[in-house]
Amino acid sequence: MVARRDIKSLAELKGKTVGISRYGASTEYALRFGLKANGIDPDKQIKMLAVGEDAARIAGLQNGTLAAIVSQVPANFFAHKVGGHTLLPLGEYMETLLAGAGVSQKKLEQNRDEVKRVVRALLRALDFMQAQPVEVKNLIQKRLGVSEMDIVDHIYGLVTKYATRNGIASQKAIENTLLGTPFEGKLTNFDKLTDFSVAREVADGK
């Protein structure tokens with residue numbers, strides 16, 4: 001959660017408007033989890049507003065109509081650039097899926113070796129990201145066009161802290177990703193929804 005510079009604490013957020021992407025999205029649930037864990041009632045003590053895409057939320061933060069917004073990497077960098085600061089790292093309170101690679105069941109059945117090579121390459125990239133911070137931070141600088149090293153360090157720290165190391169998501173992350181969908185609280189057999197067998201084979205050196 002990125003707030004305006006004049007908002008120094010969660011207590012100062014009471015009665016003010018916080019922008020999310022849409023109701024029922026991970027931005028809403030992450031905000032609810034984080035505020036409740038810190039003694040703030042998201043239904044009574046703040047005003048939650050569905051604003052839309054990152055650009056709209058950042059504009060609201062910049063023009064002062066929003067006291068804070070929920071934003072993800074790398075959009076939080078642009079929120080910082082217009083004067084915002086991270087008031088509460090919501091990743092501490094809600095484990096969920098943010099980005100990844102998927103494949104159809106047909107592709108997996110017909111080209112399993114190709115899929116395995118892609119997964120292996122992605123996991124090597126994650127290992128490189130952890131092992132070579134200087135090189136990765138240089139890439140972040142070039143990709144985002146940012147020179148402020150404190151922001152680069154912030155983004156790198158978030159990504160490396162929460163990125164999976166084996167390509168396998170936890171059941172809790174999958175459950176939280178289903179919040180706000182018709183499957184919320186109804187799915188009991190996660191093997192029917194996900195197949196991490198290729199990632200497991202790669203982890204086992206197969």
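The values are calculated or read from the model by the stated rules, or taken from the named source; none is laboratory data. Remember, predicted model here, so these are calculated numbers, not experimental data. Cβ placement follows ideal geometry from the backbone for every residue including glycine, while neighbour counts extend to all protein chains displayed. Just the protein is used for accessible areas: all its heavy atoms, side chains included, with ligands, DNA and RNA removed. Shrake-Rupley method; radii C 1.70, N 1.55, O 1.52, S 1.80 Å.
Summary table below
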read-out	value
Antiparallel content of DSSP bridges confined to the chain, in %, to 5	40
Peptides ranked, highest mean first, by Cβ atoms within 10 Å: ranges 70-80, 92-102	70-80, 92-102
Residue-normalised accessible area of the stretch 52-206, given per residue in Å² at a 1.4 Å probe	61
Dimensionless Rg over Rh [the stretch 1-139; C-alpha; Kirkwood]	1.09
Helix 26-37 vs. the chain, principal-axis angle (Cα, 0 to 90°, nearest 10)	60
Solvent-free Debye scattering, log10 I(q)/I(0), computed from the Cα coordinates of the stretch 1-72 at q = 0.16, 0.25, 0.27, 0.28 Å⁻¹	-0.46, -1.17, -1.36, -1.45
Convex hull volume of the stretch 97-146 per residue (C-alpha atoms, cubic angstrom)	102
Dipole magnitude (debye, nearest 20) for the chain, charges at Cβ of Lys, Arg, Asp, Glu	160
Euclidean distance between Cα centres, the stretch 155-182 to the stretch 186-206, Å	15
Folded to 0 to 90 degrees: helix 112-131 orientation relative to the chain principal axis, Cα	50
Extreme residue, positive dipole direction of the chain, given options 199, 115, 168 (C-beta unit charges)	115
Fraction of accessible area attributable to carbon and sulfur, the stretch 141-180 (%, probe 1.4 Å)	53
The stretch 1-56, accessible surface, carbon-and-sulfur percent (1.4 angstrom probe)	50
